[in-house]
Structure formats: structure tokens, C-alpha cells
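All remarks here apply to the structure that follows.
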Amino acid sequence: MKFHPFHIVSPSPWPFMLSVNLTVTIVSVFFMFNGMKSFILQTSILSTLIVFMFWMIDIARESGEMGDHTKEVQKGLKFGFTLFIVSEVMFFASFFSAMFYLSLSPDISVGGMYPPMGISSLDYSLIPLLNSIILLSSGISITWSHHSLMENNKPQTILGLFITMILGAMFLTIQIVEYYNSSFSISDSVFGSVFFVSTGFHGIHVMVGLIFISTSIYLIYKNKMTSVNHQLFEMSAWYWHFVDVVWMFLFIILYWWGG
């Protein structure tokens, strides 16, 4: 018997495995930027996503089957996840502030103009606008799925999550097409650096959101997530809406203002 309402986490291999995979991924990216192509990067990214998914499944098992997530633990998890999202907001705010600074006071290093001389910015009314519509639609579908879960409507819950995953995958595919057809690269002055780093990190966040959603689909299908116990789903919805809001700021600041 426990004499306190808190959860003492048992030993787990996932934190160590995730840190190793992230380290290999970062080193592989460094080699890629120096012209060394290797399959290690793709392998490490895939391995990182798989480890992250298994870690979330373990957390869900602790919550459902083991019953370790008491009210106090749930409050702590939600508070911690809220702080995580706040830290992510600060992360993207640094990119936004850099773009505003560069666009409002362009110096001689960028030709005294913005976008810098010789760079043609992307038309915000084409692919970026289409991607915005797709991602905002995914926010509607995951909200519909959440309401369906609260009403114990399992088919509509899974359908809404599948639609969200399809829209998220479409967003990433169109983003890759935009990268390949862009007239500038990450090495084209500070404009290219800020553009590709900020949109690239946003794409990584979309991938993480898809892992959250796919794990939620699995748990709902296995009846391990209900209208009463669905913290992982709720955090997935929070994270996905955060991704939506960040993209709207990216669309306005990078594509519309930056163009």
C-alpha cells in the first residue's frame, strides 16, 4: 500500500534510449550540413519516433491499468505539460523577434532591404495559404474527436483522429514540396536561415503531434482510454492546437510580413 497520492516512477529504458537517439540525430545533421549523406539520420529519426511512442504507451498503462495517476498526479502532469508548451512558445518567439528585427531595420549585410537583395520570397497566397487551411481544418477535426470521446462515441473519436492524421501528413508533404521548389536555401543570408529553421522546427513539432495522435488512436481502439481517463488525448489536443497557433504566426510573420 502507498501512504501518499504521488507516483514514484519505476525504472524505464526509454529516457536513456531517447537521449541516445537524439544525440545520434544531431550528429547526423551536422554531418549532413557538411555534405556527408548517410542513412544514419533517417534511421535515428525513425528510432526516436518509435521510442517516443513506446514511452507514451507505458505512461498510458501507468495511468489506466496500474492506476498510478491519481488526481494529484494528473494535476502535476497537466501543469508540467503546460510549462512545456510555454517553453515552446518562447522558443518560437525568438524566431519571430529575429524576423521582426531584420525586416524593420535591415542593415548593409542584407543589402539594406528586406527580403535581402537577390532573394524572391514565397507567395503567401499559394502553398502557404493552402497549408494554413489544411492545418486549421485538422484543429477542427481533433476538437470534434475530443467531443466524441467525451460522449463515449468510439467510432467518431477514431475517425476524427484519423482525419487529423491525414491532414497533418498532407501538411508535411506540401511543406516538403515547398522546400524543393523554393528559390532560396538555408544558406542564403539570414532570411533563408530564419525561414528554414523556424518552419523546419514547426514541421518537427507536427511530426511529434502525429505520434501523440497515433498513440491515442491505439489506446482508444484497445479501450485503454475512456471519457473519464484520457489525459494523453487531452495533452495531444493541447499540443496540436499549439502547433496550429504557431503556424498562423509563422504564416503572418514569415510569409505575409516577410514577403
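The values are calculated or read from the model by the stated rules, or taken from the named source; none is laboratory data. Just so you know, these numbers come straight off a predicted model, no measurement behind them. Cβ sites come from the backbone with ideal geometry, for glycine too, and all protein chains shown count toward neighbours. Please note that ligands, DNA and RNA were not included when accessible areas were found on the heavy atoms of the full protein model with its side chains. Shrake-Rupley method; radii C 1.70, N 1.55, O 1.52, S 1.80 Å.
Tabulated data
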{"quantity": "Any hit, segment 108-119, residues being within 26 Å of Val177 (Cα to Cα) and open to solvent by 60 Å² or more (accessible area, probe 1.4 Å)", "calculated": "yes"}
{"quantity": "Criterion (open to solvent by 80 Å² or more (accessible area, probe 1.4 Å), assigned by the TED database to the domain that holds Ile211, closer than 23 Å to Phe249 by Cβ and not aromatic (Phe, Trp, Tyr)) met by exactly one of Leu159, Leu104, Leu135, Leu122", "calculated": "Leu104"}
{"quantity": "Residue satisfying condition, being surrounded by 15 or more Cβ atoms within 10 Å (Cβ to Cβ) and within 24 Å of Gly35 (Cα to Cα), within set Ser198, Ser183, Ser216", "calculated": "Ser198"}
{"quantity": "Residue list for segment 206-259, filter: over 19 Å from Phe91 (Cα atoms) and among the acidic types (Asp, Glu)", "calculated": "Glu234"}
{"quantity": "Candidates Met150, Met165, Met99, filtered to the one that is at pLDDT below 90, assigned by the TED database to the domain that holds Ala237, open to solvent by 40 Å² or more (accessible area, probe 1.4 Å) and among the hydrophobic types (A, V, I, L, M, F, W, C)", "calculated": "Met150"}
